Amino acid sequence: MNAGEESLPVRISVQICTFNRKELLKRCLLAVFEAEFPASDCEVVLVDDGSTDGTAEVVKSLVAPCRLKYLYQEKSGLAAGRNLGIRDCDGEVILFIDDDTIAHPALLSEHWAAHERNPRCVVMGRVNHVDDLDKPPSRRLKPADISTSFFWTSNASVRKRYLEEAGLFDEEFTEYGWEDIEMGFRLRAAGLVRTRNPRAIVYHYKTRWTASDLPRLFRQAQAGGRSAVILLRKRPCLRVRLATGIFRTRLALDDLVRLGEPFYYSRVSSKPRDKVLAGLPLFFARLLVSFQYFEAVRASLSARGDREVT
């Protein structure tokens with residue numbers, strides 16, 4: 001279905017944004033198509049944020065049992081993409097997932113059931129991080145699977161009217177990260193409550209790190225650092241400082257640990273570039289990525305003239 005065509009209301013709109021992940025996106029969409037939820041009561045609204053890898057052709061090749069809307073925008077970032085999708089959603093409830101997540105068959109029904117129990121809520125489902133989509137995922141909850149966020153768009157739903165009343169996503173966030181956290185502040189201020197539903201599950205595919213991944217990880221961390229400063233400027237509170245790490249003690253710790261950066265880098269770069277990192281090399285790689293994040297934070301604070309970080 002093309003954007004702009006008249007369509008009937010549905011219960012749930014599944015809103016997905018994508019960029020150059022056509023193979024993962026295909027698996028993501030196929031999983032949503034297999035949801036244990038009436039096809040006439042849901043739709044998928046997909047926003048392509050300027051992909052150049054043939055994403056449009058992959059989407060056109062799929063046979064969707066429910067309504068599927070494909071929207072294209074020039075590269076504008078996730079906040080703008082989410083807003084474009086929201087405006088075209090016909091669902092009473094909008095369920096946000098990412099293009100690298102695989103929905104459990106009960107995902108939609110569990111989200112809808114939670115909204116029926118409490119119409120004024122944000123439903124946060126469970127995000128299980130996996131590194132292999134072809135083997136059964138472990139049922140054991142890992143630390144990375146736990147989020148304290150009020151609103152996290154890897155697996156979250158809310159009624160469309162509340163997003164509209166909140167003013168949609170802040171499009172000042174043009175890079176990776178934090179735009180959904182900022183939206184959570186506004187939804188909470190509007191009186192919505194967070195409801196967790198551990199039976200509403202997506203499996204989030206995250207590749208295990210190799211040394212060859214570092215340039216990509218560095219770029220993402222730098223973007224996240226710049227976005228973190230935007231969030232702090234908009235929400236200068238302790239909760240945000242703790243979440244972003246932008247406070248004196250954490251920055252001082254970064255300075256201290258950074259003294260060993262040449263050693264950490266040598267230990268990581270000495271490994272074969274395509275070999276999965278584990279143990280100390282993985283720990284050092286995570287430190288190197290964090291250095292890039294805080295370097296971008298400091299540069300953004302300096303550029304904005306923000307000297308006080310306590």
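The values are calculated or read from the model by the stated rules, or taken from the named source; none is laboratory data. Since we're looking at a predicted model, the values are computed, not measured. Here Cβ is always computed from backbone atoms with ideal geometry, including for glycine, and neighbour counts include all displayed protein chains.
Taking the criterion of being acidic (Asp, Glu) and either closer than 19 Å to Ala223 by Cα or more than 27 Å from the chain's Cα centre (by Cα) (or both), the residues of the stretch 252-304 that qualify are Asp254, Asp255, Glu261, Glu295. Considered as a group, the residues in the stretch 145-193 that are without any contact (Cβ under 8 Å) to a residue 24 or more places away in the chain and not charged (D, E, K, R) include one that is farthest from Thr101 (Cα to Cα), and that residue is Ala189.
When the stretch 9-49 is filtered for residues that are touching a helix residue (DSSP H, G or I) at 6+ places or on another chain (Cβ under 9 Å), in a loop (DSSP other than H, G, I, E, B) and over 10 Å from Leu108 (Cβ atoms), the ones remaining, listed by number, are Phe19, Asn20, Arg21.
Restricting attention to the stretch 44-66, the residues that are over 20 Å from the mean Cα position of the chain (by Cα) and crowded, with 19+ Cβ neighbours inside 10 Å total 2.
Every residue in the stretch 297-310 that is loosely packed, with under 14 Cβ neighbours inside 10 Å and touching a residue at least 60 places away in the same chain (Cβ under 8 Å), please.
Arg304, Thr310 - these are the residues of the stretch 297-310 that are loosely packed, with under 14 Cβ neighbours inside 10 Å and touching a residue at least 60 places away in the same chain (Cβ under 8 Å).
Contact annotation: residue pairs with Cβ atoms under 8 Å, 6 or more positions apart or on different chains, pairing a residue in the stretch 55-70 that is farther than 20 Å from Gly91 by Cβ with a partner that is of a type in the set (A, V, I, L, M, F, W, C), are Thr55/Leu25; Val58/Leu25. Scanning the stretch 113-123 for residues that are buried (at least 17 other Cβ atoms within 10 Å of the Cβ) and under 12 Å from Arg199 (Cβ atoms) yields a total of 2. Among residues of the stretch 281-310 being basic (Lys, Arg) and outside any loop (DSSP other than H, G, I, E, B), the one that is modelled with the lowest pLDDT is Arg304.
A residue that is under 28 Å from Leu187 (Cβ atoms), buried (at least 16 other Cβ atoms within 10 Å of the Cβ) and not assigned by TED's automatic domain parsing to the domain that holds Ser147 occurs somewhere in the stretch 289-296. With respect to the conditions (1) out of contact with any strand residue (DSSP E or B) (no Cβ under 6 Å at 6 or more places or on another chain); (2) surrounded by 15 or more Cβ atoms within 10 Å (Cβ to Cβ), His204 lacks only one, and its number is (1).
Give me the pairs, please: first residue somewhere in the stretch 223-238 and farther than 11 Å from Phe294 by Cα and outside the structural domain of Ser76 (by TED's automatic domain parsing), second residue anywhere and part of a helix (DSSP H, G or I) and among the acidic types (Asp, Glu), beta-carbon distance under 6 Å, and either six or more positions apart or on two chains. Hits for this filter: Leu231/Glu182. Gly177 falls short on exactly one of the conditions (1) touching a Phe, Trp or Tyr at 6+ places or on another chain (Cβ under 6 Å); (2) at positive phi, and that condition is (1).
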